[in-house]
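Structure, as structure tokens:
Derivation of every value follows stated rules applied to the coordinates shown; laboratory data play no part. From a predicted model like this one, the values you see are computed outputs, not experimental measurements. Cβ placement follows ideal geometry from the backbone for every residue including glycine, while neighbour counts extend to all protein chains displayed.
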Amino acid sequence: MARKRRGDTHYINNKEFTADIIKCKNNGELSEFSVNCFISLANRAVDRLYFKDYRDKEDCVQSAILDCLKYWKSFDESKMATPNAFAYFTQICKNGYAKQWKSIHRKTGLDSDESLDFISINSNGESSVYSI
């Protein structure tokens with residue numbers, strides 16, 4: 001896969017993005033550029049994952065964008081030697097994918113505290129279902 005370059009669909013310049021996020025934090029409101037960067041980040045990072053159903057992919061992307069919009073104020077440039085909004089929000093997107101994936105595909109089956117008490121197999125080779 002070729003490296004993303006200026007002009008590509010989901011290209012984001014890290015320095016411009018970081019400067020805009022810092023400016024938005026000072027103003028208290030997101031700019032259209034930052035929102036577009038969140039959308040591009042969510043769509044770019046999800047391309048490396050495999051989904052059997054395209055609807056699952058769309059749900060995960062929407063969850064990632066929602067998490068970026070929810071947590072953009074928690075970006076703290078003073079905690080980093082070199083502020084990097086691209087890496088910060090990419091990780092938020094990945095966590096958003098995982099959170100949505102887990103909610104879509106909940107574990108099915110028995111938990112450790114549940115018991116299976118309605119199926120029994122006879123010892124003489126005949127299978128039967130019994131209620132216990």
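Relative to the current alpha-carbon distance between Tyr11 and Met80, full extension at 0.36 nm per residue lengthens the span by 22.5 nm.
Listed by chain and number, the lysines whose C-alpha is less than 24 Å from the C-alpha of Lys25, apart from same-chain residues fewer than 8 away, are Lys15, Lys70, Lys73, Lys79, Lys94.
The calculated FRET efficiency for Gln91 paired with Asn27, based on their beta-carbon distance and R0 = 22 Å, is about 0.35. Here the Karplus relation 6.51 cos²θ - 1.76 cosθ + 1.60, evaluated at θ = phi - 60°, turns the backbone of the range 84-100 into coupling constants of 9, 5, 4, 5, 4, 6, 5, 5, 4, 4, 4, 5, x, 4, 5, 4, 5 Hz, with x for every Gly and Pro.
When you filter the GluC sites (Glu not before Pro) in the range 20-89 for DSSP loop state and at most 13 other Cβ atoms inside 10 Å of their Cβ, you are left with Glu29. In this simple spin-label approximation, Lys99 and Arg48 carry label points 7 Å from Cα along the Cα→Cβ vector, and these lie 2.0 nm apart.
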